[in-house]
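The values are calculated or read from the model by the stated rules, or taken from the named source; none is laboratory data. Just so we're clear, the structure is a prediction, and the values are computed from it rather than from any experiment. Glycine also receives a Cβ, built like all others from the backbone with ideal geometry; neighbour counts cover every protein chain displayed. SASA here: full protein model, heavy atoms, side chains in, ligands and nucleic acids out. Shrake-Rupley method; radii C 1.70, N 1.55, O 1.52, S 1.80 Å.
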Amino acid sequence: MRAAPTYDGTGDVALAQSAPPMAVRAPDPAAPARPTLILTIICVSYFMVILDNSIVFTGLPQIRSDMGFSETGLSWITNAYVLVFGGLLLLGARAGDLFGHRRVFLFSLVVFALTSLLVGAAQAQWWLIGARALQGVGAAVLAPSALSLLTRSFAEGRARNRAMAAYSAVAGLGAALGLVVGGLVADLISWRAGFFLNVPVGIAMVALAVRFLPETERRGGRFDVAGALLATAGSTALVFGIVDASDIGWTAPATLIPLVAGVVMLALFVLVERRAAQPIVPLRLFADRERSGAYVTRMLYMGAMIGFFFFTAQFVQSVYHWTPLQAGLAFLPMTLVNFVFAVQVPRLLERASRPQVLTTGLALTMVGMVWLSRLDLHTSYLTGVALPMVLIGAGQGLVLAPLTSSGVDGVAPADAGAASGLVNTVHQIGSALSLSVLTAVAASVSTGHGAADIAARSGAALTGSAVLLALALAATLTLIVPTRTRPHERSL
């Protein structure tokens, strides 16, 4: 029996371990009889991770003003987090298997709370970026441990489905509220306050987790440390080279050296994974055409979406002169429609094939992004920003669940965790790489300072996001659609 994929509201995925044929998996025998409390602890903890992934966007203009970041330097506040998050996700999942998911979950909560304190207290650019990278370490361990604890605490069937529905709703709400909460605290207090909030929440979750969360069994094995470090370092080098190219030129040694180093390290990563006894990314996962297409499409799609959040948040504050809170509320047309469409995907897949739902979502997102990329100094919020956001929200609501299914379907039980982690990894690293490209594109049309410059940069970057979405649609039509010929795909 295949492992069943489960989803969160940001498109992250976990795979429950496959049971023997015709067997139904029971909850962990050590699980306490407090399912609602367990679900609350897990959801609130993961909510912090999702919140911090988006809370920073509405505070970026204030951070740039307070700490003197350049436009390219500003992108590292996001990239430092998502690169480490994505690069260490697979290692974080492995840590739970080796040391017990409850123990690792508690460790990750402490790390995330302490590094949030460091982010909020940052007094220099290097301090802020370094603390964001350390936050990524905590997130990379917390995310897979939270999902593993959830799947082990609720039996397959109605209990598991209800738990996953609540988890998905909370995670999706976290992505939306991050923009609003970030804007609210930046407006009323400071951009730092949003990160300080994680400290008391983290302490409370640690206290509750110690008392109520069940421990899981440990498994033998070893870490593929070399693979994890090469993947993270190689991706970081590529991002570093691309971001700096906009300032110093593509042929400058400071650009070429990190780009070449990144390519070499990623090539070494492939060699290490080919020879490793327990690779962090089994290369056989790429043998399936549909699965490979899902990875490529996801990297391109999430890259386009992080560019959307990063540049649109700055546009509405700099051009419309809105407060951070107003900027967060400006995204509600997208986030609300996203949620409505996402919860309808299971019903839609009973009536249409998975490729039909996926390609429709991609097309809607691309049309919305092309529309949004037309913005300038005189663009109306209603017709130039809010209405395109409706299309983008509907598209993302349709895309992520079927795209995740294509990334994990047909995986052997032994590779279930690796496939789940790889979906999340390409999600995060694709975001970082694409944001560096879009930042370089934006810098190429810089007109100086002020609202006109922000408008020009944003329009160029969002045009780049539209191109990424066109490439994502092409990858789906080329790699995923031909492998799915059955008229109805009922399974997620």
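Given the whole protein assembly as supplied and a 1.4 Å probe, what does the accessible area of LEU114 come to in Å², nearest 10?
Here the accessible area works out near 100 Å².
How much accessible surface does ASP224 have with a 1.4 Å probe, in Å² rounded to 10?
Here the residue's solvent-accessible area equals roughly 20 Å².
If you place +1 on the Cβ of every Lys and Arg and -1 on the Cβ of every Asp and Glu, how big does the dipole about the Cα centre of segment 282-483 come out, in debye to the nearest 20?
Its charge dipole is roughly 160 debye.
Between segment 127-149 and segment 59-100, what's the alpha-carbon centroid distance in Å?
So the two Cα centres are separated by 8 Å.
Using the Karplus curve 6.51 cos²θ - 1.76 cosθ + 1.60 with θ = phi - 60°, work out ³J(HN,Hα) for each residue of segment 387-392 in order, rounded to whole Hz, and write x for Gly and Pro.
In residue order, the calculated couplings are 5, x, 4, 4, 5, 5 Hz.
Provide TRP250, TRP322, TRP371, TRP126 ordered by accessible surface of protein heavy atoms (probe 1.4 Å), highest first.
From most exposed to least exposed: TRP126, TRP250, TRP371, TRP322.
Once you place label points 7 Å from the Cα toward the Cβ at GLN123 and THR478, how far apart are they in nm?
Calculated label separation equals 5.2 nm.
Sort THR40, THR115 from largest to smallest accessible area, using a 1.4 Å probe on the heavy atoms of the protein chains.
Largest accessible area first, the list is THR40, THR115.
Using the heavy atoms of the protein chains and a 1.4 angstrom probe, tell me the accessible area per residue for segment 177-302 in square angstrom.
48
How far, in nm, would the chain grow between ARG274 and ASP376 when pulled straight, counting 0.36 nm per residue and subtracting the alpha carbon separation? Walk me through the numbers before you get to the answer.
Numbers: separation 102, 0.36 × 102 = 36.72 nm, distance 4.90 nm.
Taking ARG274 through ASP376 to full extension adds about 31.8 nm, to one decimal.
Looking at the P(r) of segment 225-277, how many percent of alpha-carbon pairs lie beyond 19 Å?
That fraction is 30 percent.
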